[in-house]
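Novice: For reference, the structure I am asking about is given below.
The values are calculated or read from the model by the stated rules, or taken from the named source; none is laboratory data. What you are looking at is a predicted structure, and each value in this text was computed from that prediction instead of being measured. In this analysis, Cβ positions are derived from the backbone assuming ideal geometry, glycine residues included, and neighbour counts consider all displayed protein chains. Surface accessibility is based on the protein's heavy atoms, side chains included, excluding ligands, DNA and RNA. Shrake-Rupley method; radii C 1.70, N 1.55, O 1.52, S 1.80 Å.
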Number of protein chains: 4
Amino acid sequence: MHNIAILGASGYTGAELIRLIAGHSSMQIKALGANSKAGQPLGAVFPHLRHLDLPPLVTMDQIDFSGIDLCFCALPHKTSQEVIAALPKDLKIVDLSADFRLRDPAEYERWYGNPHAALEQQKEAVYGLTEFYREEIRSARLVAGTGCNAATGQFALRPLIEAGVIDLDEIILDLKCAVSGAGRALKENLLHAELSEGYHPYAIGGTHRHLGEFDQEFSAIAGREVKVQFTPHLIPANRGILATIYVKGDAQVIHKTLEKAYLDEPFIEVIPMGEVPSTRHTRGSNFCHIGVAADRIAGRAIVTAALDNLTKGSSGQALQNANLMLNIAETEGLMMAPLFP
Amino acid sequence: MHNIAILGASGYTGAELIRLIAGHSSMQIKALGANSKAGQPLGAVFPHLRHLDLPPLVTMDQIDFSGIDLCFCALPHKTSQEVIAALPKDLKIVDLSADFRLRDPAEYERWYGNPHAALEQQKEAVYGLTEFYREEIRSARLVAGTGCNAATGQFALRPLIEAGVIDLDEIILDLKCAVSGAGRALKENLLHAELSEGYHPYAIGGTHRHLGEFDQEFSAIAGREVKVQFTPHLIPANRGILATIYVKGDAQVIHKTLEKAYLDEPFIEVIPMGEVPSTRHTRGSNFCHIGVAADRIAGRAIVTAALDNLTKGSSGQALQNANLMLNIAETEGLMMAPLFP
Amino acid sequence: MHNIAILGASGYTGAELIRLIAGHSSMQIKALGANSKAGQPLGAVFPHLRHLDLPPLVTMDQIDFSGIDLCFCALPHKTSQEVIAALPKDLKIVDLSADFRLRDPAEYERWYGNPHAALEQQKEAVYGLTEFYREEIRSARLVAGTGCNAATGQFALRPLIEAGVIDLDEIILDLKCAVSGAGRALKENLLHAELSEGYHPYAIGGTHRHLGEFDQEFSAIAGREVKVQFTPHLIPANRGILATIYVKGDAQVIHKTLEKAYLDEPFIEVIPMGEVPSTRHTRGSNFCHIGVAADRIAGRAIVTAALDNLTKGSSGQALQNANLMLNIAETEGLMMAPLFP
Amino acid sequence: MHNIAILGASGYTGAELIRLIAGHSSMQIKALGANSKAGQPLGAVFPHLRHLDLPPLVTMDQIDFSGIDLCFCALPHKTSQEVIAALPKDLKIVDLSADFRLRDPAEYERWYGNPHAALEQQKEAVYGLTEFYREEIRSARLVAGTGCNAATGQFALRPLIEAGVIDLDEIILDLKCAVSGAGRALKENLLHAELSEGYHPYAIGGTHRHLGEFDQEFSAIAGREVKVQFTPHLIPANRGILATIYVKGDAQVIHKTLEKAYLDEPFIEVIPMGEVPSTRHTRGSNFCHIGVAADRIAGRAIVTAALDNLTKGSSGQALQNANLMLNIAETEGLMMAPLFP
């Protein structure tokens, strides 16, 4: 049985980690850090978890990390790097923030607006897209969870860039994101009365920070600079990311390339040619569904991908990585079927 | 490993059974009956289950029941009794329809409008409210799953009627039900554009069929006729029943009575005095949350209860009963935490 | 053409007033006060109103009230009384806050927790439930808009209490309220991810402030103390209040009493016996639909009422009152049909 | 006062026409045709319209067209052409179906799968995109309402194609459509439990019928064949279309071109450079909001457009056209502000 700590337990990704670990056969939660709600029982902050027998929320400095085997950091960006810099240097960590995703500190500063405060840790961090960094993750001390949008786009595109079957200069990602991706922060534009019954694009024109990840990863695979066009939209639903990706290439070849790439992957389902995924069919699960269709215009294809931003896009991915780091079966605690309807 | 058949696999309660059994350690699905969609793979009817390796949908007469240990019937009312009458007489069955809930055939005919077509089976059926019929269910061949509204109301009221701590002539149940309780039928009033963004009562004035169950059960406990007032409402959400029950009695006594009754129950959580449950905190789980508050008018209390109509209200209850019938741990496959947000 | 000022123009009831007045034939908006967003154009705060040619948002002390015929105050409770105390003493005012609803300052302090800061104005305020205070409103200088829940309950109950056709000691109001009633405040429990897909009671046990209005009004009509039992619930929709009211009395008599009471009212529709209203059918309009049904238990009836909390429950009522105060046809600007779907 | 008939009054576009005409100063509804619900009062089919004093629903052959000045046909595709072929040859008609949108009968048959049954009427039909066919509509007898998706895309793109400021071979339209666009038909995929909380693309790969309109119109403007790439998505909301359009061209030039094109248009709002529209801000109104942003990749821009599919996308457009045909002010009955929240 492995002892687990979770920092940032009062946010949505923290709650999702607890939900998942509650069904895990060889992990037990030993500490729950949540500075702003320290002193409260978990059930007061997340009543859906009231049935669990868990330690109360504490401030982070109240946690004794000596018996902890692995720590999840589900803290806001910038806070995370400061906290992690102060944690024991031999503690295994899966970070869910954006702080260790970009390998180049200059790129980090460009997208996030501040110099990085934990450069040493950043150097050892492994990018946490499990299906593509599996071996590095297995032996990593610090794994940086990917952005949820960045994960969705990469599942659809990495094998295609790798195989050279699409035009690298003509990739357009139109993403539709559910609300929980924005977290539990108090912002007017996240109120129910503002969001429900309507939808809109945001971060238009290539200003979304997850582009930093796309640029880093796609350019590395291609061996040249690859810049995608990316527009996210906020949709009135709580969970789910849908990516509609417009590419130039042969749809059949693209479909075969994806099928081949994910043949042995337990969580990536390439669905039959011409079919489309739906966010409702991955809800609450660690699965990602990918579809391919030819457009009526010859030489063009549409690649679509759906996953749950809180599970496969964040906390599920984090647990998958933790399983690898602790030498547990990769799928342990993650095979639950989606919740529909 | 127990072999399971599910009849009515293309409806919502069928899908929910499959979701739950997919995570069960000692059951395997051997047959999926769905006459209207026979011949299709399950993933075509329920794409969220496409990752599962399951037999294709077949007509019911294509199923060989000889190797089946237990059969779930998730068929529409009236169809269910006809199908069950024709099944092997020694096959263990958990029925999710309304067909075997009422012990008195005259009551059945009064509420459902047709004479019962499986009187012999009706006689042996055990009412499936697990927490109150546990021993009978353990040795039953045929268990009748309760109505989802009926289950919610009974969890809140049975211990109070039993203990004699409320006025039996002044019980008012105001229920708020999510949409999936109405099933996957093609009805204009179930369309998204009709239902979302609004809510309304239905079956007003004491005409809802689940009243047959309330009458049968509450009168049996009290040893006299008990008739509750019951108004359901349709709410724009997919899962969840919330009961707000107005009773006359001492709120503290009521709270203590409920706490005592459910002290050892794994799925019933009596929350602290004065707190209220929310459907979103039981979503996708087998838990039921019950709250009690005193009203400002002396001698009156409000008992509130929330559960997921598809899980604890239907398929989760069915699996809980099947565990008992097959001598498996009652909670097996049912301890997953709710999905929030 | 009458000159209008609106204070609190950046909240939902402020926006609703602007929407309604934009379609009014004899009112023009001359000033929009919104301290926190002063300096911004209205279209930046409410993009749905960007097509209107209106003055920019200003702080309240920037407004010259000398040419204003009537001022709507759509400010938060407590702020409103302070602002109104400082306004010109001869300015006609329709207040949408709770500050002038309760005639007894002790009752105000009991429900709102602070001594009243504008006792002089409170004395002259007329309770703004148009259908029942029409003549007083016509000649009033200051009209206090009712609570949206309080309005809904009173439309259903006032004629019945007046006519003496229900048991005054056995009135239970179960209310279902949409989210916009809680305003645009930044509270965690109003986030989309918290609210959608679930529902729960709140202010349970008779603690909701609108009870002060029920007590005041019902007791005045009955000539004795009347205390109702009242439980509100928050429902995942943006607009609409549904009241399900449990009473003891003859349903036919109740229905006839309501039909008679509202025969000539342009906005109150008593629907046929046995039918039920739905919030979605009053959305965006100034109509209130009221239904009556007999319960299966003899001598009991259920009265149901639906209206839009932002329109008939708040800003529409305010405009209806303003029409009376300015000697304009009462229905002017208010006859738009509901928006469905 | 002009006498109006509406055929297909029991569908959503029929109800929307009634809502709008109820607020029109110089139209009165004289006949409401709805074969499947003939004999019922309108309030039974659309309770939100119960306050209106309107004729009951009748079958179409019960309508005396001799006193009718203009007839709206809100019938399903294919039915519409058969009905219109049989109507008086001098009756002014605004058709909301797809039947008269395509000028070339071969194109009609290609997209809709059946030969056209009213070729004579098709010849005289004018395409009803008001802002671009205003003069033809004024003198037309039969106007063909556009597709709601087709209208949205054309508002964003026509001035750009006309002005030659974008690359005609690289236009990608990613559309997000609300549910009411699919009408009130009984289809499993339109149920609330299927649709809410999730979203997906449909008609992928260039198979959506509105492409027929795009091809016809864009090619006519350009004087050469123009084929756009078009993927619609179904979003869990009742009203609203959002188009995210990826083009190659200079964003500033594009924005100026749109501003100039719509300078005098009462219903088309080009919002400031870099801002984005939202469907919730056009809800229930006849407005269309259009935004432009430059992408981070030089030479690329994103044009976004939002409107209400039932109003500006269908019934509002139809009324705007009827106003022109009857020599009424074009904006009469259409200036209501959007409903938010």
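Novice: Six or more apart or on different chains, Cβ under 6 Å: which pairs go from a residue in the range A:268-284 that's within 14 Å of A:VAL253 (Cα to Cα) to one that's of a type outside the set (Gly, Ala, Ser) and open to solvent by 40 Å² or more (accessible area, probe 1.4 Å)? Could you list them?
Specialist: A:VAL270/A:GLU259
Novice: Mind counting the residues in the range A:80-103 that are out of contact with any Phe, Trp or Tyr (no Cβ under 9 Å at 6 or more places or on another chain) and surrounded by 12 or more Cβ atoms within 10 Å (Cβ to Cβ)? Lay out the reasoning, then the answer.
Specialist: Going residue by residue through the range A:80-103, those that are out of contact with any Phe, Trp or Tyr (no Cβ under 9 Å at 6 or more places or on another chain) are A:82-83, A:85-86, A:89-90, A:92, A:97.
From what's left, surrounded by 12 or more Cβ atoms within 10 Å (Cβ to Cβ): A:82-83, A:85, A:92, A:97.
Number satisfying all stated conditions: 5.
Novice: Kindly establish whether A:ALA5 is under 25 Å from the mean Cα position of the chain (by Cα) and hydrophobic (A, V, I, L, M, F, W, C).
Specialist: Criteria met by A:ALA5.
Novice: Of everything in the range D:260-319, what is within 18 Å of D:PRO338 (Cα to Cα), of a type in the set (Val, Ile, Thr), in a strand (DSSP E or B) and open to solvent by less than 10 Å² (accessible area, probe 1.4 Å)? Give them in sequence order.
Specialist: Residues satisfying the conditions are D:ILE268, D:ILE290.
Novice: Turning to a different aspect of this structure: When the range A:115-140 is examined, which residues are found to be open to solvent by less than 40 Å² (accessible area, probe 1.4 Å) and touching a residue at least 60 places away in the same chain (Cβ under 8 Å)? Spell out how you get there, then give the answer.
Specialist: Step one: filter the range A:115-140 for residues open to solvent by less than 40 Å² (accessible area, probe 1.4 Å), giving A:116, A:118, A:121-122, A:125-131, A:133, A:137, A:140.
Correct list: A:TYR127, A:GLY128, A:LEU129, A:THR130, A:GLU131, A:ILE137, A:ALA140.
Novice: For the range C:30-62, how many residues meet the condition of being assigned to a strand (DSSP E or B) and within 14 Å of another protein chain (Cβ to nearest Cβ)?
Specialist: Start the filter on the range C:30-62 by keeping residues that are assigned to a strand (DSSP E or B), which leaves C:30-33, C:57-58.
Narrowing further to those that are within 14 Å of another protein chain (Cβ to nearest Cβ): none.
Adding up the residues that qualify gives 0.
Novice: Of all residues in the range B:87-129, which are among the polar types (S, T, N, Q) and touching a strand residue (DSSP E or B) at 6+ places or on another chain (Cβ under 9 Å)? Even if it seems obvious, please write down each step before you answer.
Specialist: In the first step, residues of the range B:87-129 are kept if they are among the polar types (S, T, N, Q); the result is B:97, B:114, B:121-122.
Within the range B:87-129, B:SER97, B:GLN121, B:GLN122 qualify.
For every residue, the table says whether it meets (1) in contact with a strand residue (DSSP E or B) (Cβ under 8 Å, 6 or more places away or on another chain); (2) of a type in the set (Asp, Glu); (3) not assigned by TED's automatic domain parsing to the domain that holds C:PHE267.
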| site | (1), (2), (3) |
| --- | --- |
| C:LEU168 | no, no, no |
| C:GLY183 | no, no, no |
| C:LYS187 | no, no, no |
| C:GLU194 | no, yes, no |
| C:HIS208 | yes, no, no |
| C:ALA222 | no, no, no |
| C:PHE230 | yes, no, no |
| C:PRO236 | no, no, no |
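Novice: Separate question: Scanning for something open to solvent by less than 30 Å² (accessible area, probe 1.4 Å) and within 18 Å of the chain's Cα centre (by Cα), does the range D:20-39 turn up at least one residue?
Specialist: Within the range D:20-39 (the criterion being open to solvent by less than 30 Å² (accessible area, probe 1.4 Å) and within 18 Å of the chain's Cα centre (by Cα)), the answer is yes, since at least one residue qualifies.
Novice: What do you reckon, is B:GLU213 crowded, with 21+ Cβ neighbours inside 10 Å and at positive phi?
Specialist: Numbers: crowded, with 21+ Cβ neighbours inside 10 Å: yes; at positive phi: no.
Against the criterion (crowded, with 21+ Cβ neighbours inside 10 Å and at positive phi), B:GLU213 does not qualify.
Novice: List the number of the failed condition for D:GLY181; all other conditions in (1) at pLDDT below 95; (2) at positive phi hold.
Specialist: (2)
Novice: Do the conditions hold for D:PHE65, that is, is it of a type outside the set (Val, Ile, Thr), more than 14 Å from chain C (Cβ to nearest Cβ), closer than 24 Å to D:PHE214 by Cα and open to solvent by less than 70 Å² (accessible area, probe 1.4 Å)?
Specialist: Numbers: of a type outside the set (Val, Ile, Thr): yes; more than 14 Å from chain C (Cβ to nearest Cβ): yes; closer than 24 Å to D:PHE214 by Cα: no; open to solvent by less than 70 Å² (accessible area, probe 1.4 Å): yes.
Taking the combined requirement at face value, the residue does not satisfy it.
Novice: Going by the structure shown, is C:ALA329 free of Cβ contacts under 8 Å to residues at least 12 places away in the same chain, away from every other protein chain (no Cβ under 14 Å), surrounded by fewer than 24 Cβ atoms within 10 Å (Cβ to Cβ) and more than 13 Å from the chain's Cα centre (by Cα)? Don't jump to the end; show me each part of the working.
Specialist: On the way: free of Cβ contacts under 8 Å to residues at least 12 places away in the same chain: yes; away from every other protein chain (no Cβ under 14 Å): yes; surrounded by fewer than 24 Cβ atoms within 10 Å (Cβ to Cβ): yes; more than 13 Å from the chain's Cα centre (by Cα): yes.
For C:ALA329, the condition - free of Cβ contacts under 8 Å to residues at least 12 places away in the same chain, away from every other protein chain (no Cβ under 14 Å), surrounded by fewer than 24 Cβ atoms within 10 Å (Cβ to Cβ) and more than 13 Å from the chain's Cα centre (by Cα) - is met.
Novice: Between residues in the range B:161-174 that are away from chain C (no Cβ under 12 Å) and within 12 Å of B:ASP250 (Cα to Cα) and residues that are open to solvent by 20 Å² or more (accessible area, probe 1.4 Å) and β-branched (Val, Ile, Thr), which pairs lie under 7 Å by C-beta distance while being six or more apart or on different chains?
Specialist: The qualifying pairs are B:VAL165/B:VAL253; B:VAL165/B:THR257.
Novice: Name the one entry in D:LEU173, D:LEU157, D:LEU142 that is under 16 Å from D:GLU259 (Cα atoms) and more than 15 Å from the chain's Cα centre (by Cα).
Specialist: D:LEU157
Novice: Report yes if C:GLY164 is at positive phi and either open to solvent by less than 10 Å² (accessible area, probe 1.4 Å) or not β-branched (Val, Ile, Thr) (or both), otherwise no. Spell out how you get there, then give the answer.
Specialist: Details: at positive phi: yes; either open to solvent by less than 10 Å² (accessible area, probe 1.4 Å) or not β-branched (Val, Ile, Thr) (or both): yes.
Yes.
Novice: Filter the range C:191-209 for residues that are crowded, with 24+ Cβ neighbours inside 10 Å and more than 7 Å from chain B (Cβ to nearest Cβ); which is nearest to A:ALA185 (Cα to Cα)?
Specialist: Top of the filtered list is C:LEU191.
Novice: Something else: Taking only the range D:244-272 into account, find how many residues are under 16 Å from D:GLY299 (Cβ atoms) and within 13 Å of another protein chain (Cβ to nearest Cβ). Lay out the reasoning, then the answer.
Specialist: Our first condition is that a residue be under 16 Å from D:GLY299 (Cβ atoms); within the range D:244-272, this holds for D:245-255, D:257.
Then keep just the ones that are within 13 Å of another protein chain (Cβ to nearest Cβ); that gives D:245-248, D:251-252, D:254-255.
Result for the range D:244-272: 8.
Novice: Just to be sure I understand the filter: pairs with C-beta atoms under 9 Å, separated by 6 or more residues or on different chains, first member in the range A:300-319 and away from chain D (no Cβ under 14 Å), second member of a type in the set (Asp, Glu) and open to solvent by 10 Å² or more (accessible area, probe 1.4 Å). Which pairs pass?
Specialist: A:LEU319/A:GLU332
Novice: For the range B:224-240, how many residues are within 19 Å of B:LEU129 (Cα to Cα) and more than 10 Å from every other protein chain (Cβ to nearest Cβ)?
Specialist: Total meeting the criteria: 1.
Novice: What are the residues in the range D:216-238 that are open to solvent by less than 10 Å² (accessible area, probe 1.4 Å) and out of contact with any Gly (no Cβ under 7 Å at 6 or more places or on another chain), if any? So that I can check it myself, show each step before the final result.
Specialist: To start, the set of residues in the range D:216-238 that are open to solvent by less than 10 Å² (accessible area, probe 1.4 Å) comprises D:217-218, D:226, D:228-233, D:235, D:237-238.
The answer is D:GLU217, D:PHE218, D:VAL226, D:VAL228, D:THR231, D:PRO232, D:HIS233, D:ILE235, D:ASN238.
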